[in-house]
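Colleague: Once you've had a glance at the structure underneath, I'll fire off some questions.
The values are calculated or read from the model by the stated rules, or taken from the named source; none is laboratory data. On a predicted model such as this, the values are computed, not experimentally measured, just so you know. Every residue, glycine as well, gets a Cβ built from its backbone with ideal geometry; the counts of neighbours run over all protein chains shown. For accessibility, only protein heavy atoms count, side chains too; no ligands or nucleic acids. Shrake-Rupley method; radii C 1.70, N 1.55, O 1.52, S 1.80 Å.
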Amino acid sequence: LPGMQTSGSKPCPCPSFKLREVASMYFTMIAVFLVILVVALQGSVPRESDFPYKVPLDPQGLLELSWNVSYPEQAVHFQLLVRDLQFGLLFGMSDRGEFENADLVVLWSDGHNSYFGDAWSDAKGQLHMDSQQDYQLLGARRAPEGLYLLFRRAFSTCDPKDYLIEDGTVHLIYGILEKPVHSLQAINISAIHRGLQRVQLLKPNITIPELPSDMKTMEIRAPDVVIPSEETTYWCYMAELPDSFPKHHIIMYEAVITAGNEALVHHMEVFQCAAEFDSFPHYNGPCDSKMKPDRLNYCRHVLAAWAMGAQAFYYPEEAGVAFGGPGSSRYLRLEIHYHNPLVFKGRRDSSGIRLYYTATLRRYDAGIMELGLVYTPVMAIPPGEDAFLLTGYCTDKCTQLALPAAGIRIFASQLHTHPAGRKVVTVLSRDGRERQVVNADGHYSPHFQEIRMLKEVVAVFPGDELITTCTYNTEDRSRATVGGFGILEEMCVNYVHYYPRTQLELCKSAVDPGYLHRYFNLVNRFNDEEVCMCPQVSVPQQFFSVPWNTFNRDVLKSLYGFAPISMHCNKSSAIRFPGEWEKQPLPTTTERLREPVPRCPPAPGSRPATPVPLNLGELRRD
């Protein structure tokens, strides 16, 4: 029989039947794949509804990303529109937007032939083809508006070179190849036009509630702003509700972006002003201007918050945010963050937020509660730290006193730190056992803050504890970073949105000041009294004078881990609930939540670590 060998005969120089069969099947599969790819290249653009989330990647809007999330498949489907394709692009994810140690998909061309492949970059930024090709190309097509690339990626691939897609912020990176390249390794990522965009990729699968027939809209927009020709601008605009505006419920809101400025409007917030003032001055200008009236600082109650990539925000059908009526200020402050890295001049903008509201009040008023740390310098981070943790507590004593017997339901959350913040997590604890993560962002960025709907409502009952931990990086700082309101001071806050609204507006903690004083005394004894303990010296000044050796760092960490706390269990009037709140014991945790284990998708069969050829024709040469 062909392919068989008898004793004493010479080996047949031809491949065996089995090998020929495998080779035939392999080339047949390649041919089928190329046919499918050609069909894909000639197919129609998917409906916009197939990709409900959209964000411009670059300031000029040349790269536009759309995506959808499949929780059953545990995968994200991407559609990337390249409006002006030159010789390819890089797209991917990394821990904080770096191009080193990044997970990438690359399209490149030598001017005649084009290739698509899953790649990664090492610590020096050198690109390598990934041995496990987990970005799956689904199709590509030229259209009048540009080139569409469709590809798929599982949340978790169990490939050590791949980024784990999880809840929270994702730093997307991109690069544009302006010259032909002959291989992946020939791409010098330090020499290409590149940037980053932050998004929440894993949007929750929320059912949109039915909206009432008497729903009205109100737009809070800054009129005809000339965007300053600076990279970063915070713009403030004061708006006013009509006289005798009765109580309504906000049930939804969405962004209204001036056409053409989608890549410049980074995020927006609407704040309601304090009801204790009868009037507020009108203002339309930069938030950091000396011309801004000081009274605008009393407009801090968040009504709506939007960040680039966010969709419309819907309140649960049983709750709405109350505004208008007795005890509610008529004055609102719109704050817009313009991100203008290309320093465009003369660009005009009238963006803002559209509120949807109803006079038919829902069953519950929604409320906002602050969790985390009090804004105080007694909580500090030493300089040169890569991951320093601070924790704020909402204790069982406070929730027992302030929450109704039926509890509250948290449905959304907005995390907040200043520039040193890297991670934020709030955990619900009951009877000393961690029960549930309320919200977590392991790649948190202070430059990307939005109110996020939770995947599931979190029920909090009297006696529960809400524990918020922030991780900070101060490697670029030479002195201690203390807590406070300044941009170079730090915060650790989770604004949770819940119903029914209670009197409890702030449930936060800080280390007991007396124990911190003991810390400074101890540091003095071991450091020849280098820390001035004079009564007139402030806590920040004492921290600034600490010599930050290993001993002083470790003792401070230990202090924050065992010292009693000062609890702020506050009503909306900033008055504490009755009770003893000083020198309270730290909550004890006897059982912690297990770290989630990434689910590896079933292996689709080995795919060779080679790029996929694409027939895009001859690309442009300038």
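Colleague: Quick one: net charge around ASN340, please, counting Lys, Arg +1 and Asp, Glu -1 for every other residue with C-beta under 10 Å from its C-beta. Write out the running numbers ahead of the final one.
Modeller: Numbers: positive: LYS345, ARG347; negative: GLU230, GLU231.
Around ASN340, the surrounding residues sum to 0.
Colleague: Additional query: Students sometimes get this wrong: rank LYS345, LYS557 by accessible area, probe 1.4 Å, all chains present, largest first.
Modeller: Largest accessible area first, the residues go LYS345, LYS557.
Colleague: Given the whole protein assembly as supplied and a 1.4 Å probe, what does the accessible area of LYS161 come to in Å², nearest 10?
Modeller: Number for this one is 90 Å².
Colleague: At what distance in nm do the modelled label points of ASN113 and THR360 sit from each other, each positioned 7 Å from its Cα along Cα→Cβ?
Modeller: So the two model labels end up 6.5 nm from each other.
Colleague: Quick check: with the 1.4 Å probe, what order do TYR71, TYR499 take by accessible area, largest first? Let's see the in-between values first.
Modeller: Working: TYR71 55, TYR499 20 Å².
Putting TYR71, TYR499 in descending order of accessible area: TYR71, TYR499.
Colleague: Okay, moving on. Relative to the present Cα-Cα distance, how much length would full extension add between GLU240 and ALA143 at 0.36 nm per residue of separation?
Modeller: 30.4 nm
Colleague: Which entries in the list LYS124/LYS508; LYS455/LYS508; LYS247/LYS508; LYS54/LYS571; LYS247/LYS455 go over 32 Å, if you measure between the two C-alpha atoms of each?
Modeller: Working: LYS124/LYS508 43 Å; LYS455/LYS508 24 Å; LYS247/LYS508 30 Å; LYS54/LYS571 39 Å; LYS247/LYS455 29 Å.
From LYS124/LYS508; LYS455/LYS508; LYS247/LYS508; LYS54/LYS571; LYS247/LYS455, over 32 Å: LYS124/LYS508; LYS54/LYS571.
Colleague: How long is the gain from ASP288 to GLU230 if the chain were fully straight, where each residue apart is worth 0.36 nm and the alpha carbon distance is subtracted?
Modeller: Residue separation times 0.36 nm, minus the Cα-Cα distance, leaves 19.5 nm.
Colleague: A further question follows. Once you list every other residue whose beta carbon is under 13 Å from the beta carbon of PRO462, what net charge do they have if Lys and Arg are +1 and Asp and Glu are -1?
Modeller: Working: positive: LYS397, ARG430; negative: ASP396, ASP431, ASP464, GLU465.
Counting the neighbours of PRO462, the net charge comes to -2.
Colleague: Follow-up. So which DSSP H runs in the chain come out at 30 Å plus along the axis (Cα) with average Kyte-Doolittle of at least -0.5?
Modeller: Result, helices passing both filters: 17-42.
Colleague: Pulled fully out, how much extra length does the chain show between THR550 and VAL437, if you take 0.36 nm times their separation in residues and subtract their Cα-Cα distance?
Modeller: Stretched fully, the THR550-VAL437 segment lengthens by 37.4 nm.
Colleague: Near LYS216, which aspartates and glutamates are there with a Cα under 14 Å away, not counting those fewer than 8 places off in the same chain?
Modeller: Of all the aspartates and glutamates, those that pass the test against LYS216 - Cα under 14 Å, at least 8 places apart if same chain - are GLU254.
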